[in-house]
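The values are calculated or read from the model by the stated rules, or taken from the named source; none is laboratory data. A quick note: this is a predicted structure, and the numbers were derived from the prediction, not measured. Every residue, glycine among them, receives a Cβ derived from its backbone with ideal geometry; neighbour counts consider all protein chains shown. Accessible surface areas use protein heavy atoms only, side chains included; no ligands, DNA or RNA. Shrake-Rupley method; radii C 1.70, N 1.55, O 1.52, S 1.80 Å.
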Amino acid sequence: MPKLSLKRFKSRRMTLPPESDCARDTSDSPDTDRQRCWYIKPMFDFWQSLLAALERIVMLPSLIHSVFPSLSSRKRTRDAVRSYDRTMDDLLREVQRLFEAPLEPAKLLQMSGRLQEQFAPKLQASNICMLPSYNDKLPTGLEQGTYLALDVGGSTFRVAVVELSGKQAGAKSMRIVTMKSYAINNPVRYLRGTAFFDWMAQKIEAAIVDPQVQRINGTKSFGMGLAWSFPVEQTSIRSGNLLAMGKGFRATEGTLGQDLSELIMAPCRKRNLPVHMESIVNDASATLLSRAYEDPATRFAVILGTGFNIAVHLPTSALATSKYNGYPQKWIDHATHVLVNTELSMFGKNVFPTTRWDDLLNENHVRPDFQPFEHMISGRYLGEIVRLIVVEAVRTAGLFSGELPEKLAEPYSLETGTVAAIEMDESKNFTQAIALFQSKHALSKPPSYKDISFLRQVSQLVSHRAAAYLAAGIHSLWNLRIQSEGLSANEAGRLAIGCNGSVIEKYPHFRELCQTHLDELTIASGAEPHSISLEIAVESAIFGAAVAVCCLDA
């Protein structure tokens, strides 16, 4: 992104009314006029001050206002005059300096190296990050079959029949034959214990009785793949112990620690449904598998929406043997590589330079320092960083003429989607951006062109930094992988990354900026140009759940 050209914003100080003739320089007037006028303004100020004091003493402002309306008006004008600590231009230059200074390639390379240092102990021992899965195989792209894919997210449950056709000429390699989507609203979230899984089984039944599904699968039992977007302690490729789901879900009441696969299969068996659970994956692993089916160079997956995570395909030797405690001996003897859930959001403390706004966000967070990387790049926080800068700009530099919308004083009230939409408005007058902001955060009068221009440029600086920091994180994992494989940078070859999530998919210019920084970092490390490519993984949870099953059949 080219350096932002700073526009000159005028101070938001109000202009005083023109002074009277007697207050102006009257050097071209006769001396008698100057002698007659010199004392009038001091006398006027004296009486104005005296009346203001009387107003406070006698507590009869209405009487004084009625007798001296002009003085009251002048007092109000004087009180309305505000001065600010600096201009918006000055603040914008400071924001630009703070957010762009760390983005030089040499500094990003240093951050990448320090992240790798943080990885080392977690690869040896940690039960919250650098977690190996039971997925040791990647698809070849030749697998074929029809599978039932389940995707359970925070607000939606989707059931899809997915057809994998391999690399057949003239045909899509992955196809959703039919898909049903069911809202997970509050009544569903509040279903207690097994009632939630009964509800799931009911929806699975509704999906597979579709005549189109019956024609495809007949009476055969469907192999199911589950993409589960909540914590789970996996015990095998197709089983895992249920952990707290958060987000208001009560499904864990009385079921916490029980086998997730059995919780789903028990009500399915009661309904005599022709299904069986074959695989459970998280959203990052699903994204990697779905993209790997179409591009065999895929070894990473990035999830960047409201939250942030990266899955990587590493040699099993990259992790300590203690990480595989409880794994079947057959798996340990057979597996050479494994999909690893990095939980990269938890890294980055004292690695990435922060600003006072980052520090303020962290200090007021319910879990300070728990996910420092995520705080600087994810959709949950980008809007909040911009909001904190905006609040300071209103109070110290006169943004929005010094008026802070009431709602904007609330933490997390400026959504990342809103600032993304404002960035996208490249029209001459920012008409859509002004209307959008006014509809979300009403001011006594709509924001000016200069106000929105300031907001857009701040948003661009915040999102650009996020894209660059993500590139540094990816580069650190790329280095970890090639070192684990015993390769040098120029021997590593091309690597594809499956991408999913609202920020990396939809935020204006985000993926392109991240790609640019990745190119700089890999070339500086000795790799060929375009060694890493960021690729969107369409419907990754659904396709990934199906691909996870097909890998078992291979």
Query raised in the report: Looking at region 353-443, what % of the alpha carbon pairs are farther apart than 19 Å?
Result: 43
Query raised in the report: Tell me, what is the per residue accessible area of region 83-202 in Å², probe radius 1.4 Å?
Result: 45
Query raised in the report: Over region 458-536, how many percent of alpha carbon pairs lie in each 10 Å bin up to the one with the longest distance?
Result: 19, 51, 25, 5, 0
**Report entry** Over 32 Å (Cα to Cα) - which of Lys107/Lys407; Lys180/Lys428; Lys407/Lys506 fall in this group
**Finding:** Lys107/Lys407; Lys180/Lys428
Query - For region 305-358, accessible area per residue (1.4 Å probe, heavy atoms of protein chains only), Å² - result: 41
Query - Protein accessible area in region 186-271, 1.4 Å probe - carbon and sulfur % - result: 51
Query raised in the report: Given 0.36 nm per residue, what is the gain on full extension from Asn217 to Tyr182 after removing their alpha carbon distance, in nm?
Result: 10.4 nm
Requested in this report: With a bin width of 5 angstrom, please list the P(r) values of region 413-455 as percents of all Cα-Cα pairs, from the 0 bin to the one holding the largest distance.
Outcome: 5, 25, 38, 24, 7, 0
Requested in this report: Can you tell me the FRET efficiency between Ser502 and Thr321 if r is taken as the Cβ-Cβ distance and R0 is 41 Å, rounded to the nearest 0.05?
Outcome: 0.60
Requested in this report: First measure r as the distance between the Cβ atoms of Arg494 and Arg395, then evaluate 1/(1 + (r/R0)^6) with R0 = 56 Å and state the FRET efficiency to the nearest 0.05.
Outcome: 0.65
**Report entry** Gain upon complete extension [Thr156, Ala171; 0.36 nm per residue less C-alpha separation]
**Finding:** 2.5 nm
Query raised in the report: Is region 151-247 rounded, prolate or oblate when judged by the Cα gyration tensor, a ≥ b ≥ c being the square roots of its eigenvalues, rounded requiring a/c under 1.5 and prolate requiring a/b larger than b/c?
Result: prolate
Query raised in the report: Considering amide H positions built from the backbone, and no H for Pro or chain starts, which residues 5 or more places from Gln234, or on another chain, come under 5 Å of its amide H?
Result: Asn241
Query - Label-point separation in nm, Asn429 to Glu485, each point 7 Å along Cα→Cβ - result: 5.5
Query raised in the report: In region 111-162, what percent of the accessible surface is made up of carbon and sulfur (1.4 Å probe, ligands and nucleic acids excluded)?
Result: 52
**Report entry** Separation in nanometres of the label points that stand 7 Å from Cα toward Cβ, at Arg269 and Asp369
**Finding:** 4.8
**Report entry** Accessible area of region 367-506 divided out per residue, in Å², using a probe of 1.4 angstrom
**Finding:** 36
Report task. First compute the accessible area of region 414-554 with a 1.4 Å probe, then give the percent of it belonging to carbon and sulfur atoms. Result -> 52
Report task. Find how much the distance from Gln329 to Gln110 grows on full extension, using 0.36 nm per residue of separation minus their present alpha carbon separation; answer in nm with one decimal. Result -> 74.9 nm
Query raised in the report: To the nearest whole percent, what portion of all C-alpha pairs in region 324-367 is separated by more than 15 angstrom?
Result: 66
